[in-house]
Amino acid sequence: MTLKNLYKKFPTQVECIRFLESIVWEEGVKCPYCCSKYITALKHEERYHCNSCNISFSVTVNTFLRKTKIDLQKWFYVINVLSSNQPKISVRELATEINVTKDTANRLVKTIKTAFLKESSLINNILNKLNDG
């Protein structure tokens with residue numbers, strides 16, 4: 001999958017978040033802190049407020065994507081590249097391809113490689129759903 005194809009599939013950050021929500025919260029939104037389903041969506045934000053523990057959260061809480069400022073499309077692309085059987089791409093080439101600095105690309109790669117070990121089910125679900133559609 002090319003980066004261009006990913007941006008066609010997910011033209012906005014909101015669509016990426018909805019995609020992640022369908023993976024992380026298959027049975028509906030729940031608070032990652034207290035597991036309550038008594039939540040309220042915050043208007044004009046892609047966040048929720050837990051009415052039980054009074055904390056706001058997004059789908060990326062407790063995942064390797066927490067606090068990211070990088071487009072989720074780029075994360076999805078790097079996940080796809082690292083999991084593919086294609087020849088390995090250098091960090092410098094990857095940085096150029098996704099239009100970030102070499103250090104940012106290196107951090108993405110390291111974070112995703114760690115996530116392959118610690119959050120393999122989330123990574124595999126992302127890959128499976130990316131490649132299904």
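The values are calculated or read from the model by the stated rules, or taken from the named source; none is laboratory data. In this text, all values refer to a predicted model and were calculated from it rather than measured experimentally. No Cβ is skipped: glycine too gets one built from the backbone with ideal geometry, and neighbour counts run over all protein chains shown. Please note that ligands, DNA and RNA were not included when accessible areas were found on the heavy atoms of the full protein model with its side chains. Shrake-Rupley method; radii C 1.70, N 1.55, O 1.52, S 1.80 Å.
Tabulated data
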| quantity | calculated |
| --- | --- |
| Evaluation of residue 116 against (1) in contact with a Leu (Cβ under 6 Å, 6 or more places away or on another chain); (2) part of a helix (DSSP H, G or I); (3) not basic (Lys, Arg) (one fails), failing number | (1) |
| Residue identified as assigned to a helix (DSSP H, G or I) and either closer than 20 Å to residue 6 by Cβ or open to solvent by less than 30 Å² (accessible area, probe 1.4 Å) (or both) among 85, 128, 106 | 128 |
| Complete set of residues in the stretch 44-101 that are of a type in the set (Asp, Glu) and farther than 20 Å from residue 19 by Cβ | 93, 97 |
| First in the stretch 56-72 and part of a loop (DSSP other than H, G, I, E, B), second anywhere and hydroxyl-bearing (Ser, Thr, Tyr) and surrounded by 14 or more Cβ atoms within 10 Å (Cβ to Cβ), Cβ under 6 Å, 6 or more apart | 64/111; 66/60 |
| Which listed residue, of 15, 21, is acidic (Asp, Glu) and either in a loop (DSSP other than H, G, I, E, B) or free of Cβ contacts under 8 Å to residues at least 12 places away in the same chain (or both) | 15 |
| The listed residue being free of Cβ contacts under 8 Å to residues at least 40 places away in the same chain, surrounded by 13 or more Cβ atoms within 10 Å (Cβ to Cβ) and over 17 Å from the mean Cα position of the chain (by Cα), out of 35, 50 | 50 |
